[in-house]
């Protein structure tokens, strides 16, 4: 799986090689095959523009995930846009570090591509459990 990080805006993301390896393992454990996965880090305004243009939503968000695969049978191609501004604000709101929140959102995006949703309360609970599971595993492996 090819994984790319595009920093349209500066991020505090460290050890990208380890993160790429972990994302590959996460996808395998969720039984999802990816051809390519790209993370694009941007500002609130850039993500708001994408939200308006492609989803007809006029509000700020921390993440937008696109499945760019041609067919359901193809290996997954995903693009994940993350607002660093939102990540920083959410870290402050939820009293966590920016690094932890950034990884939570990174994992959230790939989980969407693996079939998890967060529209209902039950779906949000399941998504949060998965995020927490992978955060714990990732940071345990980093120490």
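Just a few scattered comments:
- Search result, residues across the range 99-142 that are at pLDDT 95 or above, assigned to a loop (DSSP other than H, G, I, E, B) and exposed (fewer than 12 other Cβ atoms within 10 Å of the Cβ): 120
- The range 71-104: number of residues that are in contact with a strand residue (DSSP E or B) (Cβ under 8 Å, 6 or more places away or on another chain) and farther than 15 Å from residue 41 by Cα: 4
- Residue check, residue 22 in contact with a helix residue (DSSP H, G or I) (Cβ under 8 Å, 6 or more places away or on another chain), within 20 Å of residue 76 (Cβ to Cβ) and at pLDDT 95 or above: yes
- Members of the range 44-67 found to be within 20 Å of residue 7 (Cα to Cα) and over 15 Å from the mean Cα position of the chain (by Cα), listed by number: 44, 45, 46, 48, 49, 50, 51, 60
The values are calculated or read from the model by the stated rules, or taken from the named source; none is laboratory data. Since the structure is predicted, the reported quantities are computational estimates derived from the model, not experimental observations. Methodologically, a virtual Cβ is constructed for each residue, glycine included, from the backbone with ideal geometry; neighbour enumeration extends over all protein chains shown.
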